[in-house]
Amino acid sequence: MRSNSRKEFTFIELARRQQIIDATIESAAKEGYAGTAVSKVAQKVNISKSVVLYHFRNKDELIEETVTQIYDSLWSFVQPRILAESTANAQLRAYIEAEFEYLEMNRDQLLALSSIITNHRNKQGDLYLLEKATEAYLDLIGPMLEAGQQSGDFRSFAIVPMARTLMHAINGALEHWVRHPDISLRDYAGELMTLFDLATQQ
């Protein structure tokens, strides 16, 4: 999802880019997608719009870099938890638990991501970031489920429907938490781990 053609940045450029991305996340989390207007992001950082557009060629690039950074940060947290487990059952449980744990600690990232990917469209009117996020998710979970079947940890089932069911279950829990921040994501994680243990077991 990265779109910037420049390969290297100075330390000062990296710091400024990060400041702008952080402001984009904060703006989207608190003001919704409307808060990601380049002028509003610039105002939050106390810089001019032209400075933002020096570091990011346009709004699309700023949004794409912001979304990429959120997913990279999430994956950096989740991946070691998955790799630490030796069975498919444990890896699936670790994935669910780690994703909920990370997002509970980084609520602004979830709010920003949810607002951005369900509203940001390309010139053709497509929600292309949402489509990419769905593809990336299926590319992650599909092989995990398939490996579990091959190892004998999981029963035989249709991979794509099961992966999409898990995706919608997680998204539904997170959407509920967005509206009701007092609910326990830990409880949601526990129930989903049990549910998909039962759904996938031999």
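Since every read-out is calculated from the coordinates, none of them should be taken as a lab result. In this text the structure is predicted, and so the values were computed from the model without any measurement. So basically every Cβ, Gly included, is an ideal-geometry build from the backbone, and we count neighbours across all protein chains shown.
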**Q.** Per-residue Cβ neighbour rank within 10 angstrom, fewest leading, 36, 200
**A.** 200, 36
Q) Counting Lys and Arg as +1 and Asp and Glu as -1, each charge on the Cβ, what is the dipole of the chain about the Cα centre in debye, to the nearest 20? A) 800
Q: Take the alpha-carbon centre of the range 5-80, take the same for the range 94-166, and report the distance between them in whole Å.
A: 22
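What number comes out for the charge environment of residue 31, summing +1 per Lys or Arg and -1 per Asp or Glu over other residues with Cβ under 11 Å away?
+2
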Q | CD proxy at 222 nm, helix term only [per DSSP H run n ≥ 4: -39500 (n - 2.57); per residue of the chain; nearest 500] | A | -25000 deg cm²/dmol
Q: Give me the distance in nm between label points sitting 7 Å out from Cα along the Cα-to-Cβ direction at residue 13 and residue 160, one decimal.
A: 4.2
Q: Filter the DSSP H helices in the chain by two things, a Kyte-Doolittle mean of at least -1.0 and an axial alpha-carbon span of 20 angstrom or more, and list the hits by number.
A: 11-31, 59-83, 88-105, 128-151, 159-179, 185-200
(Q) Straight-line reach from residue 132: which aspartates and glutamates fall under 20 Å, measuring Cα to Cα and dropping same-chain residues less than 8 apart? (A) 60, 61, 64, 65, 72, 99, 175
Q) For Rg/Rh (Cα atoms, Kirkwood Rh), which listed value, (i) 0.96; (ii) 1.07; (iii) 1.02, comes from the coordinates shown? A) (iii)
